[in-house]
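A.B. asks: Can you read through this structure? Questions will come right after.
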Amino acid sequence: MHLKVLGTRGEIEQSAPRHRKHSGLLINDELLLDLGEKSYLKYCPRWILLTHLHPDHAYFVRHGLEEDPVTEAVIFAQGLLIRNT
């Protein structure tokens, strides 16, 4: 199993230089656990599993506004299955 930590920062205002990007963990280059940054889509995962819909785990949820993530990955989130094709 290959794990690549992409980000570990929480949704806080305080500066934390060692934690620059929001949550993201790429597993075996196919499964992305959390989508804290839009830039994580460049890895082209087959599946995306969102642990919960807070902005630091799902970048497209910001201040009550939603932005549809453009990806061909299947997204699983809080009992929902979202297929973007």
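The values are calculated or read from the model by the stated rules, or taken from the named source; none is laboratory data. Remember, it's a predicted structure, so these values are computed and weren't measured experimentally. Note that we place each Cβ from the backbone using ideal geometry, even for glycine, and neighbour counts take in every protein chain shown.
A.B. asks: For residues that are more than 8 Å from the chain's Cα centre (by Cα) and assigned to a strand (DSSP E or B), scanning just the stretch 26-47, find the one that is farthest from residue 7 (Cα to Cα).
C.D. replies: 47
A.B. asks: Hey, among the residues in the stretch 41-56 that are modelled with pLDDT under 95 and buried (at least 20 other Cβ atoms within 10 Å of the Cβ), which one's farthest from residue 10 (Cα to Cα)?
C.D. replies: Per the criteria, the residue is 48.
A.B. asks: A further question follows. Of all residues being of a type in the set (Val, Ile, Thr) and within 15 Å of residue 51 (Cα to Cα) in the stretch 1-27, which is modelled with the lowest pLDDT? Just the residue, please. Walk me through it before giving the result.
C.D. replies: Within the stretch 1-27, the first condition is being of a type in the set (Val, Ile, Thr), and the residues that meet it are 5, 8, 12, 27.
Checking which are within 15 Å of residue 51 (Cα to Cα) leaves us with 8, 27.
On the way: 8: 86, 27: 98.
Out of the qualifying residues, it is 8.
A.B. asks: A further question on this structure: If you scan the stretch 20-44, which residues turn out to be closer than 12 Å to residue 69 by Cβ and touching a Lys or Arg at 6+ places or on another chain (Cβ under 7 Å)?
C.D. replies: Within the stretch 20-44, 36, 37 qualify.
A.B. asks: Looking only at residues that are at pLDDT 75 or above and loosely packed, with under 15 Cβ neighbours inside 10 Å in the stretch 61-75, which one is farthest from residue 9 (Cα to Cα)?
C.D. replies: Step by step, filter the stretch 61-75, then rank; the result is 72.
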